[in-house]
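For reference, the structure discussed in these notes is given below.
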Amino acid sequence: MTIGVVGGGQLGRMLALAGYPLGLDFLFLDRSPSAPAGQVAPLVCAEFTDAARLTELASRCDVVTFDWENVPVHALRTIAESCPVRPSLTALATAQDRASEKRLFERLRIPTTRWRSVESPRELALAVRRIGLPGVLKTRRLGYDGKGQALVRTHEEAVAAWARLGGAAPLLYEEHVAFDFEVSIIGARSRRGETAVYPLCRNAHAQGILRLTRAPCGPARLQLLAARYLLSALGHFGYVGVLTIEFFVRAGRLIANEIAPRVHNSGHWTIEGAVTSQFENHLRAITGLPLGSTRPRGHCAMINLIGKLPPRAQVLAHPGVHLHDYGKEPRPGRKLGHCTLVAATSRARDARVRRLLIELAPDIRIP
Ligand code: AMP
């Protein structure tokens, strides 16, 4: 069976690496000939909107999925008639527009930030008056890793943020959440409607980029609530595959930030840290196989390696630490790899993470 993947980044690459033991084959489509997945599987090099190459991908594959949520929906729609595309394009379209995401949260009664769409400086001024300061102005589309957003603390900053982001793309203004910490919940739904949810992940970001994930992270009440929200989103879409919801946690309450209709950076720990990785479960779901257990194998941490990879020997000198090098050209702010550790207790994990962070990400601290 051949899986077509639109987007050949590190997520696609890790999908292929998880799929080979199951006997699956892969074919990627990406704009870049040096896309990380191209080093482990055949790659068709084309624009995501190239109808002829997308049709070729569909004709050579049994099912098509994607590793990037900004793949144009209209392009995938052209192939959906000849080849199943999973997860659904409705879920993909919702995740591509922050306003649709907010409406989804409201419809499913998942608490989210106060927000308004803004299409002019006047509407932004009104939104600031209604929602208050500080707030965040975000592009509704194509924002990721903190790109396409501006913190607004004063009316002057609102004007400057509009000058930077406004005009070209629709925007959204939302309250800035003084969160205590951030979490994400990841789960899968199979074609038969069976579901499997991973333990809650606790995430630390810097400049909008995920730097550290620890899982499982309590308390049990938050896990139950986050899982309930995720299951309602999975059911709403009749979803097939892996879905992620990111939340802020403030005063013990979950506030949804966004969804990702795909495997997620905060789930990379599941490769070594869970009975079945998020990558394998995504593949099991989209190919109609039973889902695997999401049970953690211990207390895990994942550190993203950004901008420059440390020497392999330095990372691997730490006993029990696993290294993943995505084979990408170094560039400031670019995710080049990650490392994972699994410990017997959360206390032991955190002690080891603190030592690793000093070497690998000295700007990140954990309590
Ligand atoms: P996003 O692209 O929306 O996931 O934002 C990336 C990161 O920016 C989040 O994980 C937060 O750390 C931060 N962030 C985004 N929106 C807000 C907000 N409304 N309030 C506080 N922090 C935010």
Subject >> Candidate lysines for bridging to K328, where Cα separation is under 17 Å - those fewer than 8 sequence places away on the same chain excluded >> reply: K308
**OP:** Note down the nm distance, to one decimal, between modelled labels 7 Å out along Cα→Cβ at T49 and at R107.
**Re:** 2.7
Original post:
Between S34 and H318, what is the label-to-label distance in nm when each label sits 7 Å out along the Cα-to-Cβ direction?
Top reply: 2.8
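Is the shape of the range 211-313 rounded, prolate or oblate, going by the alpha carbon gyration tensor and its root eigenvalues a ≥ b ≥ c, with a/c under 1.5 for rounded and a/b larger than b/c for prolate? Don't skip to the end; give the middle numbers.
Values: a/c = 1.65, a/b = 1.16, b/c = 1.43.
Oblate.
Using a Förster distance of 22 angstrom, determine the FRET efficiency expected from the C-beta separation of R365 and A344, and round it to 0.05.
Details: r = 23 Å, r/R0 = 1.05.
In this case the efficiency is close to 0.40.
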Subject >> Distance between the range 177-224 and the range 308-335 - C-alpha centres, whole angstrom >> reply: 23
Original post:
Which semi-axis lengths, in whole Å and largest first, follow from the square roots of five times the eigenvalues of the Cα gyration tensor of the range 181-360?
Top reply: 27, 18, 16
**OP:** Name the most mobile residue of R141, R355, R13, meaning the one with the largest mean-square fluctuation, in a Gaussian network model of the chain with Cα contacts below 10 Å.
**Re:** R355
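Given a Förster distance of 51 angstrom, what is the FRET efficiency for S100 paired with I358, based on the Cβ-Cβ distance and rounded to 0.05? Walk me through the numbers on the way to the answer.
Values: r = 41 Å, r/R0 = 0.81.
The formula returns an efficiency of 0.80 here.
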**OP:** Decide, for the chain, between rounded, prolate and oblate: order the square roots of the alpha carbon gyration tensor eigenvalues as a ≥ b ≥ c, take rounded if a/c falls under 1.5, and otherwise choose prolate if a/b is larger than b/c, else oblate.
**Re:** rounded
Original post:
Which of the lysines could a cross-linker span from K102 if the Cα-Cα distance has to be under 16 Å and same-chain partners fewer than 8 positions apart are dropped?
Top reply: K138
Subject >> For F66, residues with placed amide H under 5 Å, excluding near neighbours >> reply: V6
Original post:
K335: which aspartates and glutamates have alpha carbons under 12 Å from its alpha carbon, excluding same-chain residues fewer than 8 sequence positions away?
Top reply: D145, D325
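With contacts defined as alpha carbon pairs under 8 Å and 6 or more residues apart, what's the relative contact order of the range 2-85 in percent? Show your work: numbers first, answer last.
On the way: 161 pairs, mean separation 29.1, N = 84.
Computed value for the range 2-85: 35 percent relative contact order.
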Original post:
On full extension of the chain, what length is gained from A206 through V159, given 0.36 nm per residue of separation minus the C-alpha to C-alpha distance?
Top reply: 14.5 nm
Subject >> Computed E for Y20/D180 - FRET, C-beta separation, R0 30 angstrom, nearest 0.05 >> reply: 0.15
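With the cut-off at 1.5 for a/c, could you classify the range 2-85 from its C-alpha gyration tensor as rounded, prolate or oblate? Before the final figure, lay out the partial values.
Details: a/c = 1.76, a/b = 1.29, b/c = 1.37.
Here the range 2-85 falls in the oblate category.
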**OP:** Any chance you could run the full-extension gain for R129 through S293? It's 0.36 nm times the residue separation minus the Cα-Cα distance, nm to one decimal.
**Re:** 54.3 nm
Original post:
In percent, what relative contact order does the chain have, based on Cα pairs under 8 Å that are 6 or more apart in sequence?
Top reply: 14
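Please give the per residue volume of the convex hull enclosing the alpha carbon atoms of the range 114-175, rounded to a whole number of Å³. Kindly include the intermediate steps, with their values, before the conclusion.
Details: hull volume 4.2 nm³, N = 62.
That works out to 67 Å³ per residue.
Bear in mind that the values in this text are calculations on the coordinates, not laboratory data. Just so it is clear, the structure is predicted and the values come from calculations on it, not from any experiment. All Cβ positions, glycine included, derive from the backbone under ideal geometry; neighbour counts span all protein chains shown.
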